[in-house]
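Asker: Have a look at the structure that comes next, please.
The values are calculated or read from the model by the stated rules, or taken from the named source; none is laboratory data. Treat the numbers as computed from the prediction; the structure is a model and nothing was measured. Note: ideal-geometry Cβ built from the backbone for every residue, glycine included; neighbour counts use all protein chains shown. In case anyone asks, the SASA skips ligands and DNA or RNA and just uses the protein heavy atoms, side chains included. Shrake-Rupley method; radii C 1.70, N 1.55, O 1.52, S 1.80 Å.
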Amino acid sequence: AKDKGKNSVCFYTSDINDRLHHYQKIAMTLHNALSDDTLQLYFQPQIDLNDGHILSCEALLRCSDNNSQPIPPDVFIPVAEKSGLINRIGNWVIEAACQQLVAWKGTALENVRIDINLSGKQLTNPNLAEQILKTLHQHELRPSQLGVELTENEVIGGDNVQIGQLETLKNAGVHISIDDFGTGYSSLVYLSKLPVCSLKIDRSFLVHAMENESDMAIMKAIINVGHSLGLTVVVEGVETIEQDKLVKSLGCDLAQGYLYARPMPADKMPEYLYDILPK
Ligand code: C2E
Ligand code: CA
Ligand code: CA
Ligand code: CA
């Protein structure tokens with residue numbers, strides 16, 4: 001029995017070592033990606049369900065390891081947050097989004113807003129709002145050309161400084177979205193007090209709404225509450241024509257998902273735009 005105990009301790013330790021090794025490898029990859037400037041933004045259109053035009057697109061960060069294998073953001077973002085690299089990475093994203101908006105000036109994409117994802121950690125920097133507005137100004141961009149997405153849990157539990165920063169951004173005209181809505185813990189009362197413009201309903205609701213009535217009821221309720229609070233309602237993860245029909249019939253304002261387009265590098269966007277134009 002003693003031996004067994006010793007063995008299981010061994011397994012446990014090697015498991016921790018593996019995880020530490022994995023973590024350090026990713027942290028190092030992120031560090032190198034920043035210094036070699038190899039991070040990349042992909043863009044995924046958000047479609048206005050009333051007329052099919054691209055209102056905005058979400059900027060999704062991409063990072064590859066030494067062998068050019070992509071590391072999923074769900075894996076590297078938590079490492080960036082724990083290692084403290086998230087602020088540098090976040091600043092890189094803000095700058096890259098602004099540069100893209102500049103590059104789209106005078107093209108068919110010039111009225112498309114770019115929505116970046118913010119980590120709650122970034123919002124604890126009391127200068128974040130000011131810095132975002134300054135970067136927009138330096139590139140001669142209007143604040144309304146940029147949007148930020150935050151999950152409920154990153155906003156709640158935040159103190160007045162964090163809410164204050166969102167207020168500064170919103171008052172300046174930056175679009176604010178609550179991401180993955182419905183999966184967190186915010187109450188509707190709380191939501192009504194937040195400086196937000198849009199709700200993005202988490203993909204899991206759409207998947208389940210197709211299957212059972214109570215999830216359908218929840219989805220309808222979220223859309224109604226969103227609208228009665230004067231918010232735009234976006235649904236993410238639309239993959240099928242049936243889902244597209246459903247979200248249209250429920251009165252969602254915007255949709256995003258593989259059915260319309262997968263996230264793509266910026267240079268593929270004009271092609272995509274051309275493909276969806278009526279011919
Ligand atoms: P998110 O903000 O909820 O982004 C949406 C995710 O859903 C993206 O995954 C997107 O590729 C994926 N997606 C879009 N349409 C569909 C669909 O129809 N079906 C399915 N199954 N998936 C769809 P991605 O790019 O892997 O990003 C994962 C998460 O990583 C994001 O979730 C976001 O939380 C985080 N992330 C990505 N870029 C950044 C960033 O620049 N900063 C921060 N802080 N987080 C980021
Ligand atoms: Ca998002
Ligand atoms: Ca989301
Ligand atoms: Ca998510």
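Asker: Find which of Gln138, Ile156, Tyr185 sits farthest along the positive direction of the dipole of the range 107-191, computed with +1 on the beta-carbon of Lys and Arg, -1 on that of Asp and Glu, about the Cα centre.
Answerer: Result: Gln138.
Asker: Same structure again: Output wanted: per-residue J couplings in Hz (rounded whole) for the range 212-229, from phi through Karplus 6.51 cos²θ - 1.76 cosθ + 1.60, θ = phi - 60°, x for Gly and Pro.
Answerer: For the range 212-229, the Karplus-derived couplings read 9, 6, 6, 5, 4, 5, 5, 4, 4, 5, 4, 5, 5, 5, x, 5, 6, 8 Hz, x marking Gly and Pro.
Asker: Below 8 Å between Cα atoms, with a sequence gap of 6+, how large is the relative contact order for the range 158-219 in percent?
Answerer: 29
Asker: What is the Cα radius of gyration of the range 227-279 over 2.2 N^0.38 Å, N being its residue count?
Answerer: 1.32
Asker: Under 5 Å between amide H atoms, partner at least 5 residues away or on a different chain: which partners does Asn117 have, H built in plane at 1.01 Å?
Answerer: Those lying under 5 Å, H to H, from Asn117 are Ala59, Glu149.
Asker: Taking only protein heavy atoms into account and a 1.4 Å probe, give the accessible area per residue of the range 157-270 in Å².
Answerer: I get 47 Å² per residue for the range 157-270.
Asker: Then there is this: Suppose a student asked you for the relative contact order of the range 184-279, using Cα pairs under 8 Å spaced at least 6 residues apart; what percent would you report?
Answerer: It rounds to 24 percent for the range 184-279.
Asker: Taking the Cα centre of the chain as the origin and placing charges on Cβ (Lys, Arg +1; Asp, Glu -1), which of Asn91, Leu199, Gly147 is farthest toward the positive end of the dipole?
Answerer: Sorting the options by dipole projection puts first Asn91.
Asker: Amide H of Gln40 versus every other amide H placed in the peptide plane: which residues, excluding those fewer than 5 positions away on the same chain, fall under 5 Å?
Answerer: Here Arg62 satisfy the definition.
Asker: What does DSSP give for the chain in terms of the percent of beta bridges that are antiparallel, rounded to the nearest 5?
Answerer: About 40 percent, rounded to the nearest 5.
Asker: Please work out how much accessible surface Cys252 shows to a 1.4 Å probe, ignoring ligands, DNA and RNA, in Å² rounded to 10.
Answerer: Surface accessible to solvent at Cys252 totals approximately 10 Å².
Asker: Counting Lys and Arg as +1 and Asp and Glu as -1, what is the net charge of the other residues whose Cβ lies under 15 Å from the Cβ of Arg62?
Answerer: -4
Asker: Taking the Cα centre of the range 149-212 as origin, work out the dipole magnitude from +1 charges on Lys and Arg Cβ and -1 charges on Asp and Glu Cβ, in debye rounded to 20.
Answerer: Dipole size: approximately 200 debye.
Asker: In a GNM of the chain with a 10 Å cut-off on Cα contacts, which of Tyr260, Tyr185, Tyr23 has the highest mean-square fluctuation?
Answerer: Evaluated over the chain, the most mobile residue of the options is Tyr185.
Asker: With only Lys, Arg, Asp and Glu charged, each at its Cβ (+1 for the first two, -1 for the last two), find how big the charge dipole of the chain is about the Cα centre; round to the nearest 20 debye.
Answerer: 480
Asker: Cut-off 10 angstrom, C-alpha nodes, Gaussian network model of the chain. Which of Pro70, Pro195, Pro263 fluctuates the most?
Answerer: Pro70
Asker: Treating only the Cβ of Lys, Arg, Asp and Glu as charged (+1, +1, -1, -1), what charge dipole size does the range 63-150 show about its Cα centre? Round to the nearest 20 debye.
Answerer: Using only the charged Cβ atoms, the result is roughly 160 debye.
Asker: Can you tell me, using C-alpha contacts under 8 Å and at least 6 residues apart, the relative contact order of the chain as a whole percent?
Answerer: RCO, the chain: 17 percent.
Asker: For the chain, what is the largest minus smallest coordinate of the Cα atoms on each principal axis, given in angstrom and ordered from greatest to least?
Answerer: 69, 49, 45
Asker: Go ahead and estimate [θ] at 222 nm for the chain from helices alone: -39,500 (n - 2.57) per DSSP H run with n ≥ 4, summed, over the residue count, rounded to 500.
Answerer: -16000 deg cm²/dmol
Asker: Turning to a different aspect of this structure: Using a 1.4 angstrom probe on the protein heavy atoms only, line up Met216, Met264, Met28 by accessible area, largest first.
Answerer: Highest to lowest solvent-accessible surface, that is Met28, Met216, Met264.
Asker: Once the dipole of the chain is set up with Lys and Arg at +1 and Asp and Glu at -1 on Cβ about the Cα centre, which of Asn171, Leu123, Ala209 lies farthest towards its positive end?
Answerer: Positive-end residue among those listed: Leu123.
Asker: Let me ask something else. Given the pairs Lys193/Lys268; Lys82/Lys170; Lys82/Lys220; Lys25/Lys245; Lys105/Lys200; Lys134/Lys268, which are separated by over 32 angstrom at their Cα positions?
Answerer: Lys193/Lys268; Lys82/Lys220; Lys25/Lys245, as the Cα separations exceed 32 Å there.
Asker: Can you send over the carbon and sulfur percentage of the accessible area for the range 163-241, probe radius 1.4 Å, protein chains only?
Answerer: Looking at the range 163-241 in its full context, I get 54 percent from C and S.
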